[in-house]
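Following: one structure in structure tokens, then a few remarks.
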Amino acid sequence: MKHVRRWVRNVVQRIPVIGETRVLPSLRAWYERLPALDRRRKRYARGEARRLLKTLKSGSGRFTVVFDCEVTGLAYGDLLHVLGVARFLERRGGVISVVFVETEGPHFLGGMNQVEIDQFIDDAMEIARVVLTSDRTSVERISPEELRPLLDGVDSAGVLFDEFTRNRRPYYRDAFNVFNQLMATIDAESRSAVLFGPGDFEAHLPEVFWTGGYITWHCRYSTRCDQSRLTNANEFATAYHALRKRFPGREIVVVSDAVGCQHYSAMAVELDLAGVSFSKDFSSDFLGDCALIMGSEYFFCYRGGGILEVPFTSSMPYEITAPVMNETMWDVNRLGAWQSTDQVWNAVPRCRPDGELDCLVARRVVLSVMDEVRT
């Protein structure tokens, strides 16, 4: 079946003008509406995971992980999925080369200009160096013209999603599912070495910060793309009061980017909500926000952005309410194979109905006070 899909894709790409931009996306959407999509995705991910594990056990254990910025979404969630696979391989003894391929703006996702693209690549490289700490790991940035010679000089068995990488096709949709399959092959003690902990981001914890107990609450804000994940005023108030009931006496730190912190800070003032701080009062960048999250007692997120992948791939307690997009649920209750009882992923539909969060809180599905944390 994989060979048939490859043949169809190659034929469609040769259609002038509309092949790549219209016909191929339509065929992909049709394919994803066929029955048993999750089973097909899991089967594909298992195959890629087996290939990587075979290379890991072969003796060389050398891997090339390419983040091709021309065809990959320049988003933290996609980046962390890819780096999750690299981190697993590194923690299991692999020698990792992470390569970021430059691109020219505007980017297809969100219309990012060249300055924004370059800033993302710089940030992504720093994040890669933080989450991959072995002296066997290298992180570099290359031009598109340098990609083919680089791949020709390495063993294809160690290239993550080798065919997609060489043909410059996006593979980020499947990266999480491969990570999930890899994590399922090791025991709980081995998983703890792969999952994030406070020590991974400790160096980036803001110096000006209190030492008392606090919880973190991620709120995404963007006017550029996917506004369905913005938290409106009613949802902000609902989540605030539910968090207050469940975590009495704790400071609430809202984690967002600079624009998001400004937006939600004004909202908190308008709603007269006390005991709320904002990450950009302490942290200036993504890694600082990660440090704040990992240093907190609990993480909450309702339909948020890519930073939720850090607590999600950690051992800290959390509750995340979000739709499942390209990922597949591991079982009926867990998105990740490693999830423990104090790590909750509430899957909701992609299309957000009016009053969804109010309903979930009222039904005690989200932020139930049954397990209230007491002072």
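The values are calculated or read from the model by the stated rules, or taken from the named source; none is laboratory data. Just so it is clear, the model here is predicted, and its values are computed rather than measured. Neighbour counts are summed over all protein chains in view; Cβ atoms, including those assigned to glycine, are modelled from backbone coordinates with ideal geometry.
Please go through segment 137-156 and give me each residue that is within 24 Å of the chain's Cα centre (by Cα) and basic (Lys, Arg), ordered by number. First the steps, then the outcome.
Taking segment 137-156 and keeping what is within 24 Å of the chain's Cα centre (by Cα), we get 137-142.
Hit for segment 137-156 is Arg141, nothing else.
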For segment 351-373, indicate whether the set of residues that are without any contact (Cβ under 8 Å) to a residue 60 or more places away in the chain and within 15 Å of the chain's Cα centre (by Cα) is non-empty. no
Is it true that some residue in segment 63-70 is of a type in the set (Val, Ile, Thr), under 20 Å from the mean Cα position of the chain (by Cα) and in a loop (DSSP other than H, G, I, E, B)? no
Evaluate segment 262-269: report whether one residue or more is under 24 Å from Ser314 (Cα atoms) and assigned by TED's automatic domain parsing to the domain that holds Thr313. no
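Which of the residues spanning segment 87-103 are closer than 18 Å to Leu151 by Cβ and of a type in the set (A, V, I, L, M, F, W, C)? Please lay out each step first, then the result.
At the first step, the residues of segment 87-103 found to be closer than 18 Å to Leu151 by Cβ are 89, 94-103.
Once the filter is applied, which keeps residues that are closer than 18 Å to Leu151 by Cβ and of a type in the set (A, V, I, L, M, F, W, C), segment 87-103 yields Leu89, Val95, Ile96, Val98, Val99, Phe100, Val101.
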What pairs can you find where one residue is in segment 91-118 and more than 12 Å from Asp68 (Cα to Cα) and assigned by TED's automatic domain parsing to the domain that holds Val139, the other is basic (Lys, Arg) and not in a helix (DSSP H, G or I), and their Cβ atoms are less than 6 Å apart, with a gap of 6+ or different chains? Val95/Arg62; Val95/Arg136; Gly110/Arg224
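Name the residues in segment 295-328 that are farther than 24 Å from Thr238 by Cα and either modelled with pLDDT of 95 or more or in contact with a Cys (Cβ under 9 Å, 6 or more places away or on another chain) (or both), would you? First the steps, then the outcome.
We begin by selecting, within segment 295-328, every residue farther than 24 Å from Thr238 by Cα; these are 295, 310, 313-315, 325-328.
Across segment 295-328, the qualifying residues are Val310, Thr313, Ser314.
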Checking the structure you have, find out if any residue of segment 210-224 is surrounded by 13 or more Cβ atoms within 10 Å (Cβ to Cβ), at pLDDT 90 or above, in contact with a Phe, Trp or Tyr (Cβ under 6 Å, 6 or more places away or on another chain) and in a loop (DSSP other than H, G, I, E, B). yes
Please verify whether Asp281 is out of contact with any strand residue (DSSP E or B) (no Cβ under 7 Å at 6 or more places or on another chain) and farther than 18 Å from Arg303 by Cα, treating the condition exactly as stated. yes
How many of the residues in segment 155-212 are among the polar types (S, T, N, Q) and over 18 Å from Leu52 (Cα atoms)? 3
When segment 260-285 is examined, which residues are found to be surrounded by fewer than 19 Cβ atoms within 10 Å (Cβ to Cβ), under 26 Å from Pro198 (Cα atoms) and of a type outside the set (Ser, Thr, Tyr)? Gly275, Asp281, Phe282, Asp285
Restricting segment 245-278 to residues that are part of a helix (DSSP H, G or I) and touching a residue at least 60 places away in the same chain (Cβ under 8 Å), the residue that is farthest from the chain's Cα centre (by Cα): Lys245
Give me the pairs, please: first residue somewhere in segment 184-208 and of a type in the set (S, T, N, Q), second residue anywhere and not in a helix (DSSP H, G or I), beta-carbon distance under 7 Å, and either six or more positions apart or on two chains. Ser192/Ser315
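Where residues in segment 111-146 are farther than 18 Å from Gly73 by Cα and of a type in the set (A, V, I, L, M, F, W, C), which of them is surrounded by the fewest Cβ atoms within 10 Å (Cβ to Cβ)? So that I can check it myself, show each step before the final result.
Just the residues of segment 111-146 that are farther than 18 Å from Gly73 by Cα, to begin with: 129-140, 145-146.
Still in the list and also of a type in the set (A, V, I, L, M, F, W, C): 130-132, 139.
On the way: Val130: 17, Val131: 22, Leu132: 20, Val139: 19.
My answer is Val130.
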In contact (Cβ under 8 Å) with a residue 12 or more places away in the chain and over 23 Å from the mean Cα position of the chain (by Cα), is that true of Asp174? no
Residues within segment 54-70 that are surrounded by fewer than 17 Cβ atoms within 10 Å (Cβ to Cβ) and in contact with a helix residue (DSSP H, G or I) (Cβ under 9 Å, 6 or more places away or on another chain), tallied: 4
Against the condition under 12 Å from Leu160 (Cα atoms), part of a helix (DSSP H, G or I), under 17 Å from the mean Cα position of the chain (by Cα) and touching a residue at least 40 places away in the same chain (Cβ under 8 Å), how does Val82 come out, does it pass? yes
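Within segment 284-340, work out how many residues are outside any helix (DSSP H, G or I) and over 20 Å from Arg244 (Cα atoms).
Applying the first criterion (outside any helix (DSSP H, G or I)) to segment 284-340 yields 284-285, 295-305, 313-340.
Then keep just the ones that are over 20 Å from Arg244 (Cα atoms); that gives 284-285, 305, 313-315, 322-340.
Looking only at that region, the number is 25.
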Collect the residues in segment 127-143 that are of a type in the set (D, E, K, R) and at pLDDT 95 or above, keeping them in residue-number order. Arg129, Glu140, Arg141
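Within segment 40-53, which residues are within 19 Å of Arg136 (Cα to Cα) and out of contact with any Lys or Arg (no Cβ under 9 Å at 6 or more places or on another chain)?
Result: Leu52, single match.
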Residues being under 18 Å from Asn326 (Cβ atoms) and surrounded by fewer than 15 Cβ atoms within 10 Å (Cβ to Cβ) - total across segment 44-53: 1
